[in-house]
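Structure, as structure tokens:
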Amino acid sequence: MEVTNVFGFVILVHIFIYCFDRYMKGNNSQRYKNFLSMTPIQINFMSLRWTTSLFNKKINNWTTREKNKLCWWYSLGTMVTVLLCIPSLILLASTAVISFENLRQHENHEAILQPVVPGVNLPSTDLPYYLITLLVCTVVHEIGHALAAVSEQIPLISFGLIVWLIVPAAFVELPTKDVTSLSPWKQLKIYCAGVWHNIVLSIVAFFIVMSLPILLMPLFQTGVGVSVLNLDGYSVGGYHDFQIGDQLTGVNSCRVTEDTSWKQCLAAVLHASSGFCVNNAYLVGVAANDQLGCCNNSELSQSHLCFLSSSDVISHHYCLRAREVSELSTAWCSSHKDCSNNQSCLRPLFQSELENETDSSRLILIQRKNAASIIFVGHPDEIYRSVSVSNYVPRTFIGPKYVNVIYHLMWYLFSFSAGLAVLNVVPCIFMDGQYIVGALTEMVFKGCESVSMKRQAQRALIFSGTTLVIVNIAFSLLSMFL
């Protein structure tokens with residue numbers, strides 16, 4: 001289902017729920033009031049909000065038992081988070097410069113930080129990973145604030161979840177007056193706790209991603225090619241023989257070891273004119289004519305391909321079966337110089353080239369382990385978009401489908417959690433960085449009688465950080481859509 005269809009359906013559901021809620025409240029339905037009292041859900045336009053205090057007692061009891069460990073843990077986290085402030089500002093500034101250059105020069109250099117928009121730079125198939133990752137990252141973030149606050153004797157009011165359209169997020173409610181009555185250092189520990197948890201989550205997720213090949217070594221092997229996961233999006237634009245579970249080891253003369261080299265090899269096909277070194281003895285028995293068979297778009301073109309054999313003296317067109325040519329070939333070539341003396345270089349020639357038209361169709365030979373090579377005639381981008389592959393090649397009957405899910409989820413957790421940590425530590429309004437800067441300036445200007453100087457420093461830092469965030473988002477979205 002397309003992302004636009006999903007969003008359209010979700011909007012209709014939200015409108016229905018909101019109208020139903022207004023209608024039932026307008027009619028003073030007692031049953032509906034009883035339902036809302038048992039299920040603490042707040043319904044707003046395009047959003048649902050759920051709060052609970054069920055976890056308060058368990059969190060309080062556990063925090064009391066582990067108070068000393070938590071004090072050490074969040075002290076360490078505060079120092080790491082504060083040290084992250086300057087690198088985060090530098091990273092945002094460099095990202096803004098890259099995005100501006102992309103707009104100015106109409107280029108598309110990828111920045112380290114960029115907004116993720118489903119259906120634009122996020123594939124629709126990755127939408128579940130996106131939503132799960134956002135939920136996990138925000139829950140872990142808010143648990144950090146809750147534990148740090150309770151460890152400083154601040155009571156937890158409630159914990160909750162909010163869903164805006166389809167985007168989930170978590171939150172905790174703390175008594176603001178109690179928090180601001182603490183010393184600046186203790187406030188800083190509470191404000192930094194969420195970022196610290198995101199940093200730890202990203203490190204754990206990255207470690208799992210890097211450890212998967214070792215942990216799964218008895219069941220899977222890596223670096224020996226890619227395994228075909230599914231062909232659901234495949235359209236029959238070319239001739240193919242892909243099978244789920246195939247181990248793909250090469251594309252034409254390019255060796256495939258993992259999904260990165262798989263993409264690179266498919267991209268290289270567009271920029272290389274690959275031919276086949278074939279013995280002249282084979283070609284002697286084939287009639288050669290400039291106007292022969294499939295080279296003239298006859299019925300023979302349904303089963304044969306046109307090949308061009310050219311030298312410094314003369315050129316010939318041959319109408320041959322691609323499978324036969326590939327099996328008789330001893331090497332890849334771009335000209336006769338790449339072949340031995342008794343061989344010719346046969347290069348596939350398509351009808352568009354014969355008619356001097358621009359076309360990116362290619363004859364692509366995809367090598368498989370323990371199976372015949374796949375011969376594909378068409379655009380390599382069709383294979384890239386439609387054939388899903390995995391780095392994990394099975395040693396047994398167990399397929400890599402679930403391993404691929406774990407890998408993608410961990411990679412999303414790493415990148416999103418690290419991104420949220422960087423964004424939240426920047427002194428931006430409505431972000432943790434706003435409160436972190438407030439506590440830091442209280443510590444730096446401790447003993448200073450000038451309250452206005454302290455406030456001016458806070459406002460200047462928050463204004464700078466907010467401007468930097470807004471500029472980054474604006475430039476990134478403009479370069480994405482223009």
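A few points about this structure:
- Given LYS67/LYS189; LYS189/LYS454; LYS263/LYS337, the pairs whose alpha carbons are separated by over 22 Å: LYS263/LYS337
- The angle between the Cα long axis of helix 184-215 and the longest principal axis of the Cα atoms of the chain comes to about 30 degrees, rounded to the nearest 10.
- Charge dipole (debye, nearest 20) of the chain; +1 at Cβ of Lys and Arg, -1 at Cβ of Asp and Glu: 2420 debye
- Stokes-Einstein D in µm²/s, Kirkwood radius over Cα pairs - the chain at 20 °C with 1.002 mPa s viscosity: 78 µm²/s
- For region 431-474, the per residue solvent-accessible surface stands at 61 Å², with DNA, RNA and ligands left out and a 1.4 Å probe.
- Using only side-chain charges placed at the Cβ, +1 for Lys and Arg and -1 for Asp and Glu, the dipole size of region 367-482 relative to its Cα centre rounds to 320 debye.
- Projecting the Cα atoms of LEU134, LEU349, THR396 onto the dipole axis of the chain, where Lys and Arg carry +1 and Asp and Glu carry -1 at the beta carbon, places LEU134 farthest toward the positive end.
- Largest to smallest accessible area among ARG395, ARG347, ARG459, ARG323 [probe 1.4 Å]: ARG459, ARG395, ARG323, ARG347
- Of all accessible heavy-atom area on region 63-167, the percent that carbon and sulfur account for (1.4 Å): 69 percent
- Cβ-Cβ distance of ARG459 and THR257, R₀ of 45 Å, FRET efficiency by 1/(1 + (r/R0)^6): the value works out to about 0.25.
- Computed lengthening from ILE86 to VAL10, 0.36 nm per intervening residue step minus Cα-Cα distance: 23.4 nm
- The label-point distance for ASN61 and ILE203, in a model that sets each label 7 Å from Cα toward Cβ, rounds to 3.0 nm.
- Highest mean first, the peptides 177-186, 197-206 sorted by other C-beta atoms within 10 Å per residue fall in the order 197-206, 177-186.
- Dipole of the chain computed with +1 at Lys/Arg Cβ and -1 at Asp/Glu Cβ about the Cα centre; of PHE206, LEU165, GLN187, farthest Cα towards the positive end is GLN187.
- Principal-axis analysis of the Cα atoms of the chain puts helix 127-151 at an angle of about 30° to the longest axis.
- The sum of -39500 (n - 2.57) across all DSSP H runs of n ≥ 4, divided by the residue count of the chain, sets its helix-only mean residue ellipticity at 222 nm to -17000 deg cm²/dmol.
The values are calculated or read from the model by the stated rules, or taken from the named source; none is laboratory data. Because the structure is a prediction, the values reported are computed rather than measured. We place every Cβ from the backbone using ideal geometry, glycine too, and count neighbours over all the protein chains shown. Only protein heavy atoms, including side chains, enter the accessible area calculation; ligands, DNA and RNA are left aside. Shrake-Rupley method; radii C 1.70, N 1.55, O 1.52, S 1.80 Å.
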